[in-house]
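Below: one structure, written as structure tokens.
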Amino acid sequence: WDNADFSRGVGTTFYQEFLTLNTAKPPFVRDVEEKIRRYLRSSYSAVWTLKITWEKAPAYTARTDTRRTITYQAILTTDGFRSYILMLYQDGGMQWDYTKLAANNVLIGYT
């Protein structure tokens with residue numbers, strides 16, 4: 001695990017919440033539902049979804065290199081019973097120079 005560092009004014013983080021209980025679902029939520037159905041072979045209808053985006057995020061510590069940034073998203077969703085997370089990375093994967101990170105056992109994802 002390693003942290004993004006926004007202390008040098010490079011990059012940003014933003015989020016968007018989708019409440020879809022008894023409301024029309026926007027295309028983004030329908031796409032999330034379809035991905036879950038396809039990859040997990042499960043029926044799924046979201047009642048709440050949160051999209052968090054880290055855009056052009058430099059690795060900690062940014063004082064060493066703010067040129068290599070990464071854009072990635074975490075999408076959390078639930079139907080009120082089951083919850084899922086989708087982790088999406090920009091094309092080309094992680095752009096941080098892992099040889100300069102504090103940790104030497106870097107993985108993309110979560111445990």
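Within the stretch 1-46, the set of residues being part of a strand (DSSP E or B) and over 27 Å from residue 95 (Cβ atoms) comprises 17, 18, 19.
Does residue 86 satisfy the condition of being surrounded by 14 or more Cβ atoms within 10 Å (Cβ to Cβ), within 22 Å of residue 24 (Cβ to Cβ) and at pLDDT below 95? Answer is yes for this residue. Apart from one condition, residue 44 fits all of (1) over 22 Å from residue 11 (Cα atoms); (2) loosely packed, with under 14 Cβ neighbours inside 10 Å; (3) modelled with pLDDT of 85 or more; the exception is (2). Only residues that are within 17 Å of residue 44 (Cβ to Cβ), touching a Ser or Thr at 6+ places or on another chain (Cβ under 9 Å) and open to solvent by 100 Å² or more (accessible area, probe 1.4 Å) were counted in the stretch 11-32, giving 1.
The values are calculated or read from the model by the stated rules, or taken from the named source; none is laboratory data. Worth saying up front: this structure is predicted, and the values here are computed from it rather than measured. Neighbour counts are summed over all protein chains in view; Cβ atoms, including those assigned to glycine, are modelled from backbone coordinates with ideal geometry. Note: accessible area is taken over every heavy atom of the protein model, side chains too, but ligands, DNA and RNA are not part of it. Shrake-Rupley method; radii C 1.70, N 1.55, O 1.52, S 1.80 Å.
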